[in-house]
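Chemist: Would you mind keeping the following structure in view while I ask a few things?
Computed from the coordinates by the stated procedures, all read-outs in this text should not be read as laboratory data. Computed from a predicted structure; not experimentally measured. FYI the Cβ positions are ideal-geometry reconstructions off the backbone, even for glycines, and counts take in every protein chain you see.
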Amino acid sequence: MHAAKVVAILLALLPPFAVRAESPVQWLANGHWYQMVMDSAVTWESARVSAESMVWMDMPGHLVTVNSQEEYDFLAASVWNNRYIYGWIGAFQDSPSLPAGEGWQWVTGEPWDYTRWCSGEPNDYYGPGSEDCGDMYPGGWNDTGCGGWAHFVVEYEGVTAVEEASWSTIRALYRTR
């Protein structure tokens, strides 16, 4: 077979270079939906803008905020699903002049009252103000430079948890009296 034809066949088998977003999953405890976006990797700011432009079931998205150990555990089990993937979260440090562990906040303005930093983090590894954005690994959070490249997680909120329906519930709705 001619080499050019082999290359053309192999290229046809490759996935397209486009944004790959997994299906959103819902955490019933808070009714929010979460979606891993497996882009070809983007900067934190690009991830923030992309997340805020996304909509799921009429709910606007934003970079994920993690407000409890239970929410972290849900994300680790369902969105990360035990894969070694890092992804941007909605954590950022507004002022690069602050020490590594101070001034962190969420893109949504929610209180910063839960953290899950990996051991030794946050640390401004490359010097003061060098790591002002947060990403998440299966083992916790890391502070890193905002111009790095990563996938990201979108959170959609705005509705309460969907009640799980059973056949008896459905039949009761349509029962004639």
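Chemist: Once you list every other residue whose beta carbon is under 13 Å from the beta carbon of Tyr126, what net charge do they have if Lys and Arg are +1 and Asp and Glu are -1?
Modeler: -4
Chemist: Additional query: At a Förster radius of 35 Å, what calculated FRET efficiency corresponds to the Cβ-Cβ distance of Glu157 and Ser46, to the nearest 0.05?
Modeler: 0.95
Chemist: Just subtract the alpha-carbon distance of Glu110 and Ser78 from 0.36 nm times their residue separation and send over the number in nm, one decimal.
Modeler: Going from the current span to full extension adds 9.2 nm.
Chemist: Also: Between Ser97 and Leu28, what's the calculated FRET efficiency when r is the beta-carbon distance and R0 is 41 Å? Round to 0.05.
Modeler: Efficiency for this residue pair is about 0.50.
Chemist: How far, in nm, would the chain grow between Asn123 and Asn67 when pulled straight, counting 0.36 nm per residue and subtracting the alpha carbon separation?
Modeler: 18.1 nm
Chemist: Can you run phi through the Karplus equation (6.51, -1.76, 1.60; θ = phi - 60°) for the range 90-107 and list ³J(HN,Hα) in whole Hz, with x for Gly and Pro?
Modeler: Calculated HN-Hα couplings, in order: x, 9, 8, 10, 5, 10, x, 7, 6, x, 3, x, 10, x, 6, 8, 9, 4 Hz.
Chemist: Amide H neighbours of His32 under 5 Å, at least 5 residues apart or on other chains, H built in the peptide plane: list them.
Modeler: Trp27
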